[in-house]
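Worksheet for the structure shown next.
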Amino acid sequence: MGSTTFTNARVILPDGVRPDSSLTVENGRIREPAPGDTVVDLEGNYLAPGFIDLHVHGGDGADFMDLTPEAFRTVCRCHARHGTTSLTPTSTVATYQQYVRFLELNRELTGTDTGGARILGGHLYGPFFIPAAKGCHPSLEFLTPDPVRDELFLSFAGSGLRTITVAPESPRTDWLVRAARKRGLIVTAGHSYATFAEVEAAVQWGVQHVDHLFCAMSDRARLRPTYGFPMRGGVMEATLFFDALTTEVIADGKHLSAELLRLAYKVKGPDRLALVTDSMRAVDCPDGEYFFGPEGTGEPVRKLDGVGVTPDGQGLASGVMGMDHCVRTFHHLTGAPLHEVVRMASLTPARILGIDRETGSLEVGKRADLVVLDPELAVKQVYVSGRKVFDHG
């Protein structure tokens with residue numbers, strides 16, 4: 001393969017924006033700027049690292065829980081149009097056999113050419129929730145950790161499974177967390193009404209991350225009817241308190257108000273806070289009725305005015321926007337510097353996943369996962385390992 005040099009770019013680096021700069025790509029990797037076989041004049045547009053989505057369920061009419069290779073590829077192509085170059089397919093609450101098939105497909109497709117975003121391995125999301133905190137997920141099989149049954153899940157570590165979400169208060173969760181960490185998996189807490197003390201214990205077991213801050217989690221007010229006084233903290237307070245925990249926000253402007261985004265940014269900072277879409281199949285689709293989870297058997301939801309809602313319109317039901325929208329929205333609502341917002345969509349999730357030596361920033365030797373953004377931060381072009389997968393034209 002020849003080399004390509006991008007010139008006249010505003011290059012977004014982890015610590016700032018470098019104007020009037022160049023970047024060279026060769027054999028799918030970034031190398032020192034040099035004259036290339038092909039020169040692409042970016043005409044002053046931004047050149048950013050490709051976005052990495054830790055928490056994504058679907059897009060363009062498909063859900064990962066449709067459980068077909070084409071559904072996986074459809075979602076990956078959809079999110080590439082929004083600047084995402086890598087993602088962890090995220091399951092919904094399902095049946096045991098559906099979870100297994102989901103992991104089998106991740107094993108089959110991880111690292112393959114999807115025509116869009118790269119699949120990094122599955123996020124097993126749903127079996128270990130507590131039912132009371134399920135949110136918009138289908139009411140199917142909720143599991144408590146079991147050393148015999150769950151060995152099959154863990155056997156996918158390194159070949160299709162990257163992340164597991166748990167509710168720390170469930171029985172035997174300490175076993176599952178320790179077993180998962182021994183296999184190199186990322187363990188997150190989510191859809192949980194745990195107390196502060198239970199989260200603190202989970203950190204000692206090896207929990208590293210908390211899913212969608214402020215959503216489907218306990219806090220002082222929710223726990224007070226159960227525990228009376230003195231009032232105690234829950235998952236929300238523990239997430240903000242423990243520096244060992246990273247977390248994420250759905251920055252679509254619908255799930256969280258500007259002040260909650262600003263609070264998360266102030267307390268956790270750009271190195272411990274990631275942006276996620278938590279998007280379902282209605283991305284790039286019109287408003288209307290959809291299924292969250294498998295087509296025809298998942299939970300009925302609606303897309304309405306830029307967000308997923310329950311059929312009655314009263315509750316939130318997943319995101320429906322791409323990562324480019326989240327970057328623009330977070331930047332606009334918080335006033336955070338652009339390079340830090342982009343970092344929360346690229347290098348920070350790469351560090352959370354342990355892949356920051358390979359991707360997440362525009363550094364020599366890393367994969368050439370690139371997004372070209374115009375001055376309004378709209379996506380113009382997307383490259384995965386130096387290969388163009390989207391061009392707005």
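Readers should treat all values here as calculations from the given coordinates under stated rules, not as data from a laboratory. The structure presented is a predicted model; accordingly, all values stated were derived computationally and were not measured. Here Cβ is always computed from backbone atoms with ideal geometry, including for glycine, and neighbour counts include all displayed protein chains.
Rg/Rh for segment 25-110 to two decimals, with Rh computed the Kirkwood way over all alpha-carbon pairs.
Across segment 25-110, the Cα-based Rg/Rh ratio is 1.12.
Order by neighbour count: 280, 217, fewest other Cβ atoms within 10 Å first, most last.
217, 280
Against the globular-protein guess of 2.2 N^0.38 Å, express the Cα radius of gyration of segment 185-301 as a ratio, rounded to two decimals.
1.19
Where nothing but the Cβ of Lys and Arg (+1) and of Asp and Glu (-1) is charged, how large is the charge dipole of segment 1-100 around its Cα centre, in debye to the nearest 20?
100 debye
How many percent of Cα pairs in segment 62-121 exceed 16 Å?
Beyond 16 Å sits 35 percent of the P(r) for segment 62-121.
Divide by every residue of the chain the summed helix terms, -39500 (n - 2.57) for each DSSP H run of at least 4, and state the resulting mean residue ellipticity at 222 nm, rounded to the nearest 500 deg cm²/dmol.
-7500 deg cm²/dmol
Report, in listed order, any pair from 182/388; 134/303; 303/380; 254/380; 268/388; 134/254 with a Cα-Cα distance greater than 28 Å.
182/388; 268/388
Among 284, 60, 41, whose mean-square fluctuation peaks in a Gaussian network model of the chain (Cα, cutoff 10 Å)?
Looking only at 284, 60, 41, the biggest GNM fluctuation is shown by 41.
Can you give the net charge of the other residues whose Cβ lies under 11 Å from the Cβ of residue 352, counting K and R as +1 and D and E as -1?
0
Given 0.36 nm per residue, what is the gain on full extension from residue 15 to residue 374 after removing their alpha carbon distance, in nm?
Net length gain for the segment: 127.3 nm.
What is the helix-to-structure angle for 196-205, meaning the angle in degrees between its Cα long axis and the longest Cα principal axis of the chain, kept from 0 to 90 and rounded to the nearest 10?
Helix 196-205 and the main axis of the chain meet at about 60 degrees.
Considering every Cα-Cα pair within segment 72-167, what fraction, in whole percent, is farther apart than 15 Å?
60 percent
What is the diffusion coefficient of the chain in µm²/s, taking the Kirkwood radius over Cα pairs and the Stokes-Einstein relation at 10 °C with a viscosity of 1.306 mPa s?
76 µm²/s
For the chain, take the longest principal axis of its alpha carbons; what is the angle in degrees between that and the long axis of helix 173-182, to the nearest 10 within 0 to 90?
30 degrees
Sticking with the crude label model, points 7 Å out along Cα→Cβ, report the distance from residue 39 to residue 204 in nm, one decimal please.
6.3 nm
Only loop residues by DSSP count here, and only those with at most 12 other Cβ atoms within 10 Å; note down the trypsin sites (Lys or Arg not before Pro) in segment 304-393 that meet that.
357
Pairing the Cα long axis of helix 96-109 with the longest principal axis of the chain, what angle in degrees results, from 0 to 90 and rounded to the nearest 10?
Once rounded, the angle reads 20 degrees.
With a cut-off of 8 Å between alpha carbons and a minimum separation of six or more residues, what is the relative contact order of the chain in percent?
Computed value for the chain: 20 percent relative contact order.
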